[in-house]
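The values are calculated or read from the model by the stated rules, or taken from the named source; none is laboratory data. Remember, it's a predicted structure, so these values are computed and weren't measured experimentally. Heads up, the Cβs are rebuilt from the backbone with ideal geometry, glycines too, and the neighbour counts pull from every protein chain shown.
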Amino acid sequence: MAIRRTPATIGFVPTMGALHDGHLMLMREARRRCDVLVVSIFVNPLQFNDPGDLRRYPRDLDGDRLRCESVGVDLLFVPDSDRMYPDGFDTTIHVDRLTRGLCGAHRTGHFDGMATVVLKLFNLVRPHFAVFGEKDFQQLQVVRRMVRDLALPIEIVRRPVLREVDGLAMSSRNRRLDPEQRAQATALVAALEAAQAAAGRGERLSKKLIAAARAELSARPLVRPEYIEVVDSESLVPMTVVDDSSRILIAAHLGEVRLIDNGPVYPRAAGD
C-alpha cells in the first residue's frame, strides 16, 4: 500500500459486514487514532464449520457502505473469495492452546480460518494498528497471540462489548432472531450478571458462578446453552477459584442462531 510509504498512520477494522453500532464504535476509535482508516468486509468461508450458517449469515453491502461513510472511513476493502483464496491456496494459521476450548471445542476449524484471514488482511492492508471488540473475546486473544508470536508490527486495540438498551450484546446475528427469540436472548446477559452478582457476594468457586448463570439460561425455554465457562482472561484456561483475572464466557443457541457473550467476573476488572 502506497500510503505505508508516507508518515500517515493507518488504522484497520476487519469485519464480516452486516455492520451495527458495535462495529461503528470500533471504527470511531480507529478514526480517532489514525490518519487513514481502512475497513474490510469479507464473509470468510474458512471460519464457518456449518455451510448453512455461512449461507444464512446476514449481508447488507449497500447499507454497510453508508455506515462506513457516516464515520469517515477512507478505504473500504471488499475482496471476494477468489481473491482471498485463489486456486491452490494451501496455508493455514493455527494458534494452539488458546483455541482448544470454548468456541474452539464446538466449531472445528473456526479459529484456524479466522487467524488465516486476519493475517492475510494484515499483510494486504499493512496497518499500524487494528481494532477488535471484546464481544468475541476468544477471537481477540487468538489475534493478540498470533501478533505476538509472529512478531507482527501491529498494535491490537481492544474495545469493550457494546450492548443494546436491554443488555443484549450487539451482534450481526441478532437480526436473524424472531421476536420471541429476541426477547429470550437477554438470558445471556442475565446469566452473566447472575454470575457476577454471586462473585460480588463473596462466592469464589467457579462451579457456583456457573450454576448461577445456568439457572438464568434454563429459565428461558428457547435458549439451548452450549457452554458456560470461567477462565483466566489471558490464557483462557478454566479456573476453579476465581480472582481479578477471571472472565466468564457463554455461548447458547436460539433456533438456528448461535450467540455469545462474556464479561469479567468482577466488573471492576473490566480493563484486565
For the range 140-161, name all the residues that are in contact with a strand residue (DSSP E or B) (Cβ under 7 Å, 6 or more places away or on another chain) and part of a helix (DSSP H, G or I). Leu140, Val143, Arg144, Val147
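Residue by residue through the range 49-93, note down the ones that are basic (Lys, Arg) and more than 20 Å from the chain's Cα centre (by Cα). Spell out how you get there, then give the answer.
Let us first name the residues in the range 49-93 that are basic (Lys, Arg), namely 55-56, 59, 65, 67, 83.
If the condition is that a residue be basic (Lys, Arg) and more than 20 Å from the chain's Cα centre (by Cα), then Arg65, Arg83 are the ones that fit.
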In the range 25-36, the residues that are free of Cβ contacts under 8 Å to residues at least 60 places away in the same chain and in a helix (DSSP H, G or I): Arg28, Arg31, Arg32
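Looking at this structure, is Arg214 surrounded by fewer than 19 Cβ atoms within 10 Å (Cβ to Cβ), out of contact with any Gly (no Cβ under 7 Å at 6 or more places or on another chain) and basic (Lys, Arg)?
Working: surrounded by fewer than 19 Cβ atoms within 10 Å (Cβ to Cβ): yes; out of contact with any Gly (no Cβ under 7 Å at 6 or more places or on another chain): yes; basic (Lys, Arg): yes.
For Arg214, the condition - surrounded by fewer than 19 Cβ atoms within 10 Å (Cβ to Cβ), out of contact with any Gly (no Cβ under 7 Å at 6 or more places or on another chain) and basic (Lys, Arg) - is met.
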Being β-branched (Val, Ile, Thr) and either farther than 24 Å from Asp96 by Cα or without any contact (Cβ under 8 Å) to a residue 12 or more places away in the chain (or both) is true for just one of Val157, Val230, Val189. Which residue is that? Val189
All positions within the range 37-57 that are outside any strand (DSSP E or B), out of contact with any Gly (no Cβ under 8 Å at 6 or more places or on another chain) and not aromatic (Phe, Trp, Tyr): Asp50, Pro51, Gly52, Asp53, Leu54, Arg55, Arg56
Would you kindly identify the helices (runs of 4 or more DSSP H) lying entirely within the range 68-138 that contain at least 3 residues that are in contact with a helix residue (DSSP H, G or I) (Cβ under 7 Å, 6 or more places away or on another chain) and over 18 Å from His23 (Cα atoms)? 110-125
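Only one of Arg247, Arg268 is closer than 30 Å to Glu29 by Cα and either among the hydroxyl-bearing types (Ser, Thr, Tyr) or at pLDDT below 95 (or both). Can you tell me which? Give the steps one after another, and end with the answer.
On the way: Arg247 fails: either among the hydroxyl-bearing types (Ser, Thr, Tyr) or at pLDDT below 95 (or both).
Result: Arg268 is the single residue among Arg247, Arg268 that is closer than 30 Å to Glu29 by Cα and either among the hydroxyl-bearing types (Ser, Thr, Tyr) or at pLDDT below 95 (or both).
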Would you pick out the residues in the range 7-23 that are buried (at least 23 other Cβ atoms within 10 Å of the Cβ) and β-branched (Val, Ile, Thr)? Ile10, Val13
Which one of these is in contact (Cβ under 8 Å) with a residue 12 or more places away in the chain and at positive phi: Gly22, Gly72, Gly101? Gly72
Considering only the range 162-174, state which residues are touching a Lys or Arg at 6+ places or on another chain (Cβ under 9 Å) and in a helix (DSSP H, G or I). Arg173, Asn174
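Looking at the range 41-59, is at least one residue of a type in the set (D, E, K, R), farther than 23 Å from Gly104 by Cβ and either in the same structural domain as Glu155 (by TED's automatic domain parsing) or in contact with a Ser or Thr (Cβ under 7 Å, 6 or more places away or on another chain) (or both)?
Here is the first cut: in the range 41-59, the residues of a type in the set (D, E, K, R) are 50, 53, 55-56, 59.
Next cut, farther than 23 Å from Gly104 by Cβ only: 59.
Still in the list and also either in the same structural domain as Glu155 (by TED's automatic domain parsing) or in contact with a Ser or Thr (Cβ under 7 Å, 6 or more places away or on another chain) (or both): 59.
Taking every residue of the range 41-59 in turn, at least one turns out to be of a type in the set (D, E, K, R), farther than 23 Å from Gly104 by Cβ and either in the same structural domain as Glu155 (by TED's automatic domain parsing) or in contact with a Ser or Thr (Cβ under 7 Å, 6 or more places away or on another chain) (or both).
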Give the number of residues within the range 233-249 that are under 12 Å from Gln196 (Cβ atoms) and in contact (Cβ under 8 Å) with a residue 60 or more places away in the chain. 1
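Yes/no matrix, rows are residues, columns are (1) surrounded by 12 or more Cβ atoms within 10 Å (Cβ to Cβ); (2) modelled with pLDDT of 95 or more:
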| site | (1), (2) |
| --- | --- |
| Leu66 | no, yes |
| Glu69 | no, yes |
| Leu75 | yes, yes |
| Arg83 | no, no |
| Phe111 | yes, yes |
| Ala115 | yes, yes |
| His128 | yes, yes |
